[in-house]
Structure formats: C-alpha cells, structure tokens
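Enquirer: Can you read through this structure? Questions will come right after.
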C-alpha cells in the first residue's frame with residue numbers, strides 16, 4: 001500500500017483548498033483489495049491523500065470505513081481521480097447533493113454528464129438518498145419526479161429527451177461494487193479468473209446448485225457452437241425442465257439448430273459422424289428457406305416439421321428469445337432483428353430481473369450482454385477459448401466467472417446434474 005502522505009501544518013491556500021475533495025468508502029475494503037486500489041489510484045494519477053479516519057472491520061462480516069481527502073494540481077486531474085474513485089465504490093463530497101443539468105436536445109446529454117457503471121448506484125439529491133434503477137454500463141442518470149415521488153434511473157444516451165434532468169460531475173454519487181472474493185464464495189475453489197478442465201465438474205455442481213433455486217431468473221446467451229458441439233439435446237432438456245427463462249443469440253444459432261434438426265448437419269458437417277456431407281454446404285440455406293416458407297419458427301414447430309432442438313424446445317416452452325442480426329447473416333430468419341437499436345431493446349427486456357446469466361461460446365453477444373446487466377447478476381462464461389473470458393472482463397464485466405471447456409460437455413454435465 002502506498003505510504004500515506006502527512007498533512008502539512010501550514011494553512012492551505014485558497015487555491016489548494018479549492019482543489020481538495022473529501023471522500024468516503026465503506027465495505028470489505030481490505031480483503032477485497034479496494035483500499036489499495038483507491039490509494040494507488042490517487043497517487044498514480046498525480047494526487048495526494050490524507051486519511052482522517054480508517055476503522056477496520058473486527059470480524060469477517062464487519063465492514064471497514066475509510067474517510068479521507070485528496071488534493072490535485074488542477075481541476076482536470078481532480079475530476080479524473082473522482083470518477084475513478086467512484087467506480088471503486090468511494091463517495092465523493094458525501095455532504096453534497098449531485099449536480100444536475102438539463103438535456104439540451106433529444107439524445108444529447110450535458111457535456112459533463114456522469115457515465116454509469118454496472119454496479120448498484122445511489123445518489124443524494126435535495127437531501128434525499130435515491131437508488132438508481134435499471135443500472136447498466138455507459139448510461140446517464142436521469143432524475144424524475146419531485147418531493148416524495150423523486151426517482152432516478154439509468155438511461156441510454158439515445159433515449160434521453162430534451163429537458164431531462166441529468167446528473168453531471170462526480171459529487172453526491174455512491175457506487176457499491178461487488179466484492180467478488182466474499183460475495184461469490186460458491187466459486188472460491190478457483191485459483192484464478194478462468195478455470196481449467198480439471199474443475200469443470202465442480203463448476204457444473206456449483207452452477208447447478210444455484211440454478212436449482214426455482215426463484216431465480218436464468219437467461220442464456222448462446223452461439224452456434226452450442227449446436228456444432230452437440231449441445232442441442234442437453235440444452236433442450238434444461239429448457240423443458242424449466243431452467244431457462246430467456247435466450248439471447250444471433251441468427252446463426254437458430255439457423256444451424258434448425259439445419260441440424262432437418263438435415264442432421266451443422267455447417268454441412270454430419271453432427272453424428274463429423275464427416276462432410278455431399279451438398280451439405282447448402283443445408284443452412286435450405287433450413288432458412290423452410291422457416292421463411294412457414295412464416296416463422298413457431299409455425300414450423302406447429303406444422304410438426306421441427307420437433308427437437310434448441311428452437312423447438314424454446315418455442316414449446318414459451319420461453320422469450322431475441323435474435324440480433326449481423327452483416328454476416330444469411331437469410332436472415334423472419335424473427336431476426338436487423339435494427340441494432342431494436343435488438344438492444346429486445347435483449348434488455350428479456351434481461352430485466354435476471355439473476356443468473358450463462359454465456360455459452362458467443363464472444364460478441366456475451367460482451368454486449370455484459371454491458372447491459374448489473375454486476376449483481378451471477379455471470380458464468382463458458383468457452384473453449386480463454387481469451388473470450390479475458391475480453392469480457394476487460395470490457396467491464398468483472399463479475400464474470402470463466403469456464404474453459406467444450407460447451408457441449410458443459411451442457412451435458414449440467415443437464416445430467418439438474419434433469420434427473
């Protein structure tokens with residue numbers, strides 16, 4: 001931990017006082033490493049700190065309290081440090097209310113608007129503590145109502161309306177980060193952020209234990225590799241037994257799942273023998289054509305032409321799903337949403353109230369969903385490629401737990417564990 005700077009005995013100038021901010025942090029600051037990060041951030045970014053109070057928790061369950069001030073050489077450095085400390089859970093100028101400015105136009109925020117994280121956030125406004133609703137990364141905080149009806153919510157920049165009251169600056173904001181070491185203790189057996197094959201069964205047992213709680217909402221993000229690796233049947237079992245409450249994916253998962261059920265291939269490869277099938281390169285196009293002929297995936301199921309697999313199980317169980325389009329898509333299927341703003345909204349609606357998010361071999365969709373969910377959502381990312389988990393965490397989804405394994409194997413073990 002950096003050495004604490006000593007307060008000078010000489011009185012501070014007005015200039016120094018104006019560049020001083022107080023802050024407060026409460027939580028499991030020591031064992032989570034947050035205390036060190038806070039102090040390191042101040043020093044690394046060119047500031048100096050002075051601690052006025054530090055009460056360390058006396059037991060495992062007790063929280064620690066840090067109260068301190070920091071000074072910076074100019075306003076730019078001061079504000080930069082403030083924003084980074086907020087992300088670490090510190091509250092800047094705790095006695096102050098947030099500053100508010102009006103949105104100058106639809107889809108436009110004031111220049112100094114506060115950009116949100118995926119952690120639970122509270123603000124102080126007009127002397128009242130308000131919890132921010134719909135927390136997600138990269139939004140703005142909009143204050144609505146008055147007096148006893150005051151509320152605050154995270155809103156995407158494109159959804160702002162002219163005249164909205166937008167929180168600006170860094171004062172009066174408190175972010176409450178998840179303390180992974182303590183709050184994710186069910187995965188404490190892992191020695192790193194990404195587990196290896198040797199602990200897959202233990203991970204499956206832990207995930208199954210959580211999913212077995214029927215009060216939890218479980219949303220799955222999945223890529224077409226789920227089909228390529230033979231995981232369709234196991235996934236269908238999870239859906240049929242009520243362990244999936246939403247599916248988020250792209251055009252490809254549905255296309256190759258339907259191709260597999262209609263023609264026994266995935267990307268033209270026989271899913272039983274692993275051998276290329278003569279003319280198989282056109283099977284996915286023929287699958288798309290069948291859905292377009294029927295008018296929808298549901299219609300194809302209702303006709304009795306599609307009886308098994310991911311999409312059949314989802315449709316029969318009436319599980320909501322959203323397929324986000326891509327410039328790479330063939331077809332696409334009638335249900336595929338090609339407007340990205342509409343796709344984001346559809347994803348967001350299904351993610352509302354989610355408790356668990358399983359990300360199965362889909363890097364781009366997983367990163368997108370990671371930006372949309374609060375850090376309280378237990379996030380398990382399964383992929384054969386370790387950098388996928390690293391990229392997800394690098395983009396802010398620090399709560400993600402990585403499992404490096406074949407997604408078909410993971411689903412097979414999980415279905416066997418839950419669907420007995």
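The values are calculated or read from the model by the stated rules, or taken from the named source; none is laboratory data. As the structure is a computational prediction, the values presented were derived from the model and not from experiment. Positions of Cβ are generated from backbone atoms using ideal geometry, with glycine treated the same way; all protein chains shown enter the neighbour counts.
Enquirer: Checking the structure you have, find out if any residue of the stretch 314-334 is more than 19 Å from residue 253 (Cα to Cα), touching a helix residue (DSSP H, G or I) at 6+ places or on another chain (Cβ under 8 Å) and in the same structural domain as residue 250 (by TED's automatic domain parsing).
Expert: No - not one qualifying residue is present in the stretch 314-334.
Enquirer: At pLDDT 90 or above, over 28 Å from the mean Cα position of the chain (by Cα) and surrounded by fewer than 21 Cβ atoms within 10 Å (Cβ to Cβ): does that describe residue 73?
Expert: Details: at pLDDT 90 or above: no; over 28 Å from the mean Cα position of the chain (by Cα): yes; surrounded by fewer than 21 Cβ atoms within 10 Å (Cβ to Cβ): yes.
Against the criterion (at pLDDT 90 or above, over 28 Å from the mean Cα position of the chain (by Cα) and surrounded by fewer than 21 Cβ atoms within 10 Å (Cβ to Cβ)), residue 73 does not qualify.
Enquirer: May I pose another question? Looking at the stretch 284-305, which of its residues are farther than 18 Å from residue 346 by Cβ and in contact (Cβ under 8 Å) with a residue 12 or more places away in the chain?
Expert: Across the stretch 284-305, the qualifying residues are 284, 285, 286, 287, 288, 290, 291, 292, 295, 300, 301, 305.
Enquirer: For the stretch 79-95, which positions are touching a strand residue (DSSP E or B) at 6+ places or on another chain (Cβ under 7 Å) and either closer than 24 Å to residue 127 by Cβ or surrounded by fewer than 21 Cβ atoms within 10 Å (Cβ to Cβ) (or both)?
Expert: Hits for the stretch 79-95 are 82, 85, 86, 87, 89, 90, 91, 92, 93, 94.
Enquirer: Filter the stretch 233-263 down to the residues that are touching a strand residue (DSSP E or B) at 6+ places or on another chain (Cβ under 9 Å), over 14 Å from residue 323 (Cβ atoms) and either assigned to a loop (DSSP other than H, G, I, E, B) or in contact (Cβ under 8 Å) with a residue 40 or more places away in the chain (or both) and list them by number.
Expert: Correct list: 235, 238, 239, 243, 244, 245, 260.
Enquirer: Taking the stated definitions as given, is residue 118 out of contact with any strand residue (DSSP E or B) (no Cβ under 7 Å at 6 or more places or on another chain) and crowded, with 22+ Cβ neighbours inside 10 Å?
Expert: On the way: out of contact with any strand residue (DSSP E or B) (no Cβ under 7 Å at 6 or more places or on another chain): yes; crowded, with 22+ Cβ neighbours inside 10 Å: yes.
Yes.
Enquirer: May I ask you to list the residues in the stretch 251-302 that are at pLDDT below 95 and at positive phi?
Expert: Those that are at pLDDT below 95 and at positive phi: 264, 267, 268, 274, 279.
Enquirer: Kindly establish whether residue 241 is modelled with pLDDT of 90 or more, within 13 Å of residue 311 (Cα to Cα) and within 26 Å of the chain's Cα centre (by Cα). Explain how you work it out, then say what you get.
Expert: Details: modelled with pLDDT of 90 or more: yes; within 13 Å of residue 311 (Cα to Cα): no; within 26 Å of the chain's Cα centre (by Cα): yes.
When the stated conditions are applied, residue 241 does not pass them.
Enquirer: Got at least one residue in the stretch 209-229 being over 19 Å from residue 359 (Cβ atoms) and part of a helix (DSSP H, G or I)?
Expert: Within the stretch 209-229, not a single residue is over 19 Å from residue 359 (Cβ atoms) and part of a helix (DSSP H, G or I).
Enquirer: Then there's this: Can you tell me which residues in the stretch 147-191 are part of a loop (DSSP other than H, G, I, E, B) and either closer than 22 Å to residue 89 by Cβ or at pLDDT below 85 (or both)?
Expert: Looking only at the stretch 147-191, we keep the residues that are part of a loop (DSSP other than H, G, I, E, B), and these are 150, 156, 160-164, 169-172, 177-179, 184, 188-191.
169, 170, 171, 172, 177, 178, 179, 184, 188, 189, 190, 191 - these are the residues of the stretch 147-191 that are part of a loop (DSSP other than H, G, I, E, B) and either closer than 22 Å to residue 89 by Cβ or at pLDDT below 85 (or both).
Enquirer: Six or more apart or on different chains, Cβ under 7 Å: which pairs go from a residue in the stretch 271-283 that's under 23 Å from residue 330 (Cβ atoms) to one that's part of a helix (DSSP H, G or I)? Could you list them?
Expert: 271/260; 283/259; 283/263
Enquirer: Let me ask another. Restricting to the stretch 39-62, and then to whatever is in contact with a helix residue (DSSP H, G or I) (Cβ under 8 Å, 6 or more places away or on another chain) and not in a helix (DSSP H, G or I), can you tell me which residue is farthest from residue 77 (Cα to Cα)?
Expert: 49
Enquirer: Suppose we filter the stretch 25-38 for residues that are under 25 Å from residue 97 (Cα atoms) and either crowded, with 19+ Cβ neighbours inside 10 Å or touching a helix residue (DSSP H, G or I) at 6+ places or on another chain (Cβ under 8 Å) (or both); how many remain?
Expert: The qualifying residues number 6.
Enquirer: Going through the stretch 306-315 one residue at a time, which ones are in contact (Cβ under 8 Å) with a residue 24 or more places away in the chain and buried (at least 16 other Cβ atoms within 10 Å of the Cβ)?
Expert: Within the stretch 306-315, 306, 309, 310, 311, 312, 313, 314 meet the criteria.
Enquirer: So in the stretch 295-319, with the set limited to residues that are part of a loop (DSSP other than H, G, I, E, B) and more than 28 Å from the chain's Cα centre (by Cα), which one is nearest to residue 415 (Cα to Cα)?
Expert: So the residue we want is 308.
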